[in-house]
Amino acid sequence: MGELRLMKGNEVIAEAAIRCGCDGYFGYPITPQSEVMETLMDREPWNETGMVVLQAESEIASIHMVYGAAASGKKVLTSSSSPGISLMAEGISYLAGSELPCLIVNVQRGGPGLGTIQPSQADYFQSTKGGGHGDYRLIVLAPSSVQEMNDFVELGFKLAFKYRNPAMILSDGAIGQMMEKVVLADFIPRLTAEEIDQKYGSWATNGRKPNRKPNIITSLEMDSARMEANNIRFQEKYAKMEAEEVLFEEIQCEDAEYILVAFGSSSRICQKSVDIAREKGIKLGLLRPITLFPFPKKPIAALAKRVKGFLVVEMNAGQMIEDVQLAVRCDVPVVHFGRMGGIIPSPSEVVEALEQKLIGG
Amino acid sequence: MELADIINPKNLVYEKPKLITSTTMHYCPGCSHGVVHNLVAEVIEDLGIQEKTIGVSPVGCAVFAYNYIDIDWQEAAHGRAPAVATGIARTNPDKVVFTYQGDGDLASIGAAEILHACNRGEDMVVIFVNNGIYGMTGGQMAPTTLLGQITATTPNGRDAGRNGYPLKITELIAQLPGTSYVTRQSVQTPGAIRKCKKAIAKAFQAAMDKKGTSFVEVVSTCNMNWKMTPVKANEWMVENMFPFYPPGDLKDGSKNDPLSYTPLKN
Ligand SMILES: Cc1ncc(C[n+]2csc(CCOP(=O)(O)OP(=O)(O)O)c2C)c(N)n1
Ligand code: SF4
Ligand SMILES: [Mg+2]
């Protein structure tokens, strides 16, 4: 088993990146995620594994640095928080349009605008529905513990390279700042130039070889028929993710009459709400989507056949609820409970909302 | 002498550069971009670095540069080529990286990215084609458009009060300690073309020698959007652009005072 440590969520992202054989990190400071780059700079992985760490002049530059490195077959990541992710929207769209693998970590804070540095889940739409221009999807992983911050770094990269598509860890200030025990992954060496050529030589710009055509990374296609073919190919890729990569967790759903649906920090709160409700005799369960895209539509649809209703708990005004409603297809009521502005709901508040909005309503 | 005696392979002095592909270029006849492409291709061939050069093309008329020079390429978002090139150069120190950018791309939307890449002294080459206008989008004002110059968005001429002043970005770049070789060239005559090629070769050599960023501005024409014949456009460029953007080296080697950059002791 790997090394056991007590660490902050943000620090773990840095440690996991070094350990999984990452080639580079590019980022710009913003609360509540600055510890990611601070930890990296302190660890000096360039001495240990050769990993590059660079403080860019902006989030715009960071994401385009990620583009350049990713397009040459390198395993690279960036991290930021909500306002910074908005600036990255351009680059993320280009990465998706050029089919490049990379990892983006969003440690969310409240918005809109400069908002607050306190935790929030208000970037659900931005992360799962696109965020930048054009028809594209990110693979979105929602950790609910420091351990998952660790585990989803390697998982995110694995999926990103499998699909040649950017992956995102959608975390928030609570998980980024929280300290928990974590089992760290073992070290994986960085790929050598030869290994990169073997694995990704068919597309990566790692230098024109005499035995192949030049590799060109672009999202531009002026011929409409060919552009549509590209779009169709992307959509097929996203459909394959929906068929094969859905991850979720069900807690006490077997006998449940009511279901909470929550991801990330909210799902941690909701675990406690389930216990409180059960003490009161309410048969409550929790479904926690782990992949927000692809979204666990099928397990929710299956539950909708046998429960009395769903309460979607989010730290926003109601975003994931739209996906839950689509999955439930009006079979039973789906209502929302949310707190905003950086406020984390309390477990009993959730149970009260359940009683008022769903059971009593 | 018959015409066939003159136009004959044995009389060839210049030929199509080996690394220029057979794809028909989309540039307007008379445009400077094609000439600059040829020079870049010749330099890459002369230095024998086809297998380790990675080009970054801009958003602008040169967006399709990747179809014309037979090397690996990445197409960057508008203005972001220096950030993209930074990502490549940092994670691939054995490669030779260059960006190819227009004046709107480099000096307007991408002003932050070019200044910071040059200030960090990324080991890369920047080819900056300054035609004083947004060629690709139909001839709107660029940051480099001269005062009084007529464009689609300055139909009565660029006015300093309304539009600000033409930006001498190359002069700014030359101030930065990260740059080693900063030069301004042009390609309107065979002599100028030969000089420009030498400058591009020197810039690539400097990047290969890890001397920081080398920056080659090429004062250019956009005869299409200037609404002139190619010959007239060259004359207009010499008469109007050269006084404001004078050709020549701005910086050769490290001229910055090292004393002003002494780190604090910890
Ligand atoms: C974000 C964004 N804004 C605007 C454009 C539209 N656009 C394409 S090229 C261009 C200007 C290009 O001018 P320049 O860089 O001078 O290149 P030239 O065509 O003159 O060589 C603009 C504004 C774009 N593609 N992307
Ligand atoms: S529009 Fe101008 S810059 Fe573009 S190809 Fe034509 S002449 Fe060249
Ligand atoms: Mg221009």
Exposed-loop-free span, longest in chain B, where trypsin sites (Lys or Arg not before Pro) count as exposed if DSSP calls them loop and at most 14 other C-beta atoms lie within 10 Å: B:19-209
Give the angle, between 0 and 90 degrees and rounded to the nearest 10, that separates the Cα long axis of helix A:9-19 from the longest principal axis of the Cα atoms of chain A. 40 degrees
Give the average, rounded to an integer, of partner chain Cβ atoms located within 10 angstrom of each Cβ in A:215-226. 4
Let me check against my output: what whole-number percent is the relative contact order of the range B:68-179, with C-alpha pairs under 8 Å and at least 6 apart? 22 percent
Kyte-Doolittle cut-off 0.0, length cut-off 20 Å along the helix's own axis using Cα: show which whole DSSP H helices in chain B pass. B:32-46, B:190-208
Taking a label point 7 Å from the Cα of A:LEU326 along Cα-to-Cβ, the residues of the range A:150-189 whose backbone nitrogen sits under 18 Å from it are A:168
Provide, in order from the shortest bin, the percent of all Cα-Cα pairs of the range A:3-193 in each 5 Å bin, continuing until the bin that contains the maximum pair distance. 1, 9, 19, 23, 24, 15, 7, 2, 0
Bins of 20 Å from zero: percent of alpha-carbon pairs in chain A: 30, 55, 14, 0
Modelled FRET efficiency - R0 30 Å, A:SER346 with A:LYS162, Cβ distances, 0.05 increments: 0.15
Could you tell me what % of all Cα pairs in chain B have separations over 31 Å? 24 percent
How many angstrom lie between the Cα centre of the range A:280-336 and the Cα centre of the range B:14-51? 59 Å
The range A:42-91 - convex hull of the alpha-carbon atoms, volume per residue in Å³: 82 Å³
Ranked from the most accessible area to the least, with a 1.4 Å probe and all protein chains present, what is the order of B:TRP226, B:TRP236? B:TRP236, B:TRP226
Spatial separation of Cα centroids for the range A:94-156 and the range B:184-240, in angstrom: 43 Å
Which pairs break 28 Å Cα to Cα here: B:LYS168/B:LYS227; A:LYS162/A:LYS308; B:LYS10/B:LYS197; A:LYS162/A:LYS209? A:LYS162/A:LYS308
CD proxy at 222 nm, helix term only [per DSSP H run n ≥ 4: -39500 (n - 2.57); per residue of chain A; nearest 500]: -12500 deg cm²/dmol
Ratio Rg/Rh [Cα only; Rh per Kirkwood] for the range A:248-359: 0.92
Could you sort B:131-139, A:350-358 so that the peptide with the highest average Cβ count within 10 Å comes first and the rest follow in order? B:131-139, A:350-358
Give the aspartates and glutamates whose C-alpha is closer than 13 Å to that of A:LYS237, dropping any in the same chain fewer than 8 places away, or say none. A:GLU99, A:ASP135, A:GLU245
Which entries in A:LYS158/A:LYS240; A:LYS74/B:LYS52; A:LYS158/A:LYS272 show an alpha-carbon gap greater than 27 Å? A:LYS158/A:LYS272
Relative to chain A, whose Cα atoms define the longest principal axis, helix A:224-244 and its Cα axis are tilted in degrees, nearest 10, by 50 degrees
Residue of A:ILE217, A:ILE169, A:ILE188 that the Gaussian network model of chain A assigns the largest fluctuation, springs spanning Cα pairs under 10 Å: A:ILE188
Taking θ = phi - 60°, what integer Hz values does the Karplus form 6.51 cos²θ - 1.76 cosθ + 1.60 yield along the range B:123-135, in sequence order, with x for Gly and Pro? 6, 7, 10, 10, 9, 10, 8, 9, 10, x, 6, 8, x
As a test, work out the antiparallel percent of DSSP beta bridges whose residues both lie in the protein assembly as shown, rounded to the nearest 5. 25 percent
Hey, could you get me the Stokes-Einstein D for the protein assembly as shown, Kirkwood radius over alpha-carbon pairs, 25 °C and 0.890 mPa s, rounded to whole µm² s⁻¹? 93 µm²/s
B:GLU171 and B:GLN205 label points (each 7 Å along its Cα→Cβ direction) are spaced in nm at 2.9 nm
Mean separation of Cα contacts under 8 Å, 6 or more apart, over the residue count of chain B: relative contact order %: 17 percent
Mind giving me the FRET efficiency for A:LYS181 and A:TRP203? R0 is 45 Å, r the Cβ-Cβ distance, nearest 0.05 is fine. 0.65
Go through B:HIS33, A:HIS133 and list them by solvent-accessible area, largest first, probe radius 1.4 Å. A:HIS133, B:HIS33
Let me see the pair-distance distribution of the range A:88-209: every alpha carbon pair, 5 Å bin width, integer percents in order. 2, 10, 17, 19, 19, 14, 10, 6, 3, 1, 0
Which of the lysines could a cross-linker bridge to B:LYS265, judged by Cα under 28 Å and excluding same-chain residues fewer than eight apart? B:LYS210, B:LYS211, B:LYS255
Spin-label model distance (nm) - B:ARG194 vs B:GLN140, 7 Å beyond Cα toward Cβ: 4.2 nm
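The values are calculated or read from the model by the stated rules, or taken from the named source; none is laboratory data. As the structure is a prediction and not an experimental result, all values here were calculated from the model. FYI the Cβ positions are ideal-geometry reconstructions off the backbone, even for glycines, and counts take in every protein chain you see. Protein only, heavy atoms only, side chains kept; ligands, DNA and RNA dropped before computing areas. Shrake-Rupley method; radii C 1.70, N 1.55, O 1.52, S 1.80 Å.
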